[in-house]
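Just below is one structure, and these are the notes that go with it.
The values are calculated or read from the model by the stated rules, or taken from the named source; none is laboratory data. Nothing here was measured: the structure is a model prediction, and the numbers come from that model. Cβ coordinates were reconstructed from backbone atoms using ideal geometry, including for glycine residues, and neighbour counts include every protein chain displayed.
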Amino acid sequence: MGGVLEGVRVLDFGRYIAGPYCATLLAEFGAEVIRVEKREGSEDRFVAPVGEGGEGALFLQVNRNKKCITLDPMKVEGQEVVRRLVATADVVVANLPPQTLRAMKLDYDSLKAIKPDIILTTATAFGGPGPWSDRVGFDGVGQVMSGSVYMTGAGDPPYRAAVNWVDFGTALHCAFGTLAALIERGKSGRGQVVEGALLATALSFTNATLIEQAVINVNRVPTGNLGQTAAPADIYRTRDGWVLCQVTGHPLFKRWARLMGEEELWLNDPRFADDISRGNNGAVISERMARWCAGRTTQEAVDALGGAMIPTGPVLSPQQALDHPHIRAAGFMQDVDYPGLPKSAPVTRAAVRLSETPGEIASRPPTLGEHTDLVLSELGYDEAEIAALRQGGVI
């Protein structure tokens, strides 16, 4: 399909999000990605099913632009298929525990014995070295162990985010690391291991809070949507919904005070002299902002705030997000057909645009094993050999 990564072949043994979405980003910018899946379909194919065959929304999101083969790599014949695949590949993506990689002969030593300059991109829950290195985990583990969940909501009970930001953040880090490894290989000819970890991602995203705690022992506690280091920063009720307003920095606070028509009141009070002081007195500022929002519709509030160049946005339901005029006009999503869906799926494009070599969604996600025969024939298997592999439960 062309693109800056045209000519790069990626084997995607990933599951769920961190591995598959990393491979998807590479595919969107031109890499050929072959998803290697269980014969009966890997479990991540069926999360939040929306299609007649049980394919899920998550699968449709993170597997566009890929080919798919089915394979049992634990069988002897399956190991030979893996060997031939690796010999043709540049990158292997496999967010699997180290012991699983070894059992499947996808560990780096096994791979580089086949292809010395191979790049192995992997991600685990906890990273290493450390006593939890071999444990497994999902997105929520990173959230709860990074301090993020502790600081979310009102504290009793704590709330994790409904979206998998740790998984997707790990995928982004892994895609970045893979690109860096490809650049290095182009210079030196060497392959290497690119290793992400859910916990590392979560700690990275929460790092400013951890730095503040380590340096000044602030011992913050959750305060719902009320910001703690600047104000106004909260979600406010309007006449017909909710709106977020987020002010950080004195120029923004001056614009907010001007919008309120109360510059003298807010700009000359030492309680509101800087961001941290405003954060410490955020309840006072939020009370004023709440009264301002309560007399307006959501549209009126976001138009007035936006017109004053103050960061703001309406709280949208999923359907409202799909219908929002800016989201539609900006082209962030592309309608993608898939066999068995009652309607097209709105799949988000990669959230970065290159002016000269943009990525593209060139093909829908693959059906289970859709390209098995094609890929195996490219590896040198004839029709009889492919039929024997299928009869033997290898593919």
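Quick one: count up the residues across segment 184-243 that are aliphatic (A, V, I, L, M), more than 19 Å from H173 (Cβ to Cβ) and surrounded by fewer than 20 Cβ atoms within 10 Å (Cβ to Cβ). Residues flagged as aliphatic (A, V, I, L, M), more than 19 Å from H173 (Cβ to Cβ) and surrounded by fewer than 20 Cβ atoms within 10 Å (Cβ to Cβ) within segment 184-243 amount to 8. The number of residues in segment 238-270 being touching a helix residue (DSSP H, G or I) at 6+ places or on another chain (Cβ under 6 Å) and charged (D, E, K, R) comes to 2.
Look at segment 20-41: where a residue is in the same structural domain as A351 (by TED's automatic domain parsing), no partner that is at pLDDT below 95 and aromatic (F, W, Y) sits 6+ places away or on another chain with Cβ atoms under 7 Å. Please determine whether any residue of segment 271-281 is acidic (D, E), surrounded by fewer than 19 Cβ atoms within 10 Å (Cβ to Cβ), at pLDDT 95 or above and not in a helix (DSSP H, G or I). Checking segment 271-281: at least one residue is acidic (D, E), surrounded by fewer than 19 Cβ atoms within 10 Å (Cβ to Cβ), at pLDDT 95 or above and not in a helix (DSSP H, G or I).
Within segment 351-377, the set of residues being within 23 Å of G51 (Cα to Cα) and either without any contact (Cβ under 8 Å) to a residue 60 or more places away in the chain or crowded, with 16+ Cβ neighbours inside 10 Å (or both) comprises I361, R364, P365, P366, T367, L368, G369, E370, H371, T372. Screening W256 against (1) in contact with a Leu (Cβ under 9 Å, 6 or more places away or on another chain); (2) outside any helix (DSSP H, G or I) leaves a single unmet condition, (2).
Tell me, which helices (runs of 4 or more DSSP H) wholly within segment 306-378 include 1 or more residues that are closer than 26 Å to G169 by Cβ? Spell out how you get there, then give the answer.
Details: elements: 318-323, 325-330, 372-378.
Those helices (runs of 4 or more DSSP H) span 318-323, 325-330.
Of the residues examined, D382 is not one that is among the acidic types (D, E) and either within 24 Å of the chain's Cα centre (by Cα) or not assigned by TED's automatic domain parsing to the domain that holds A23 (or both).
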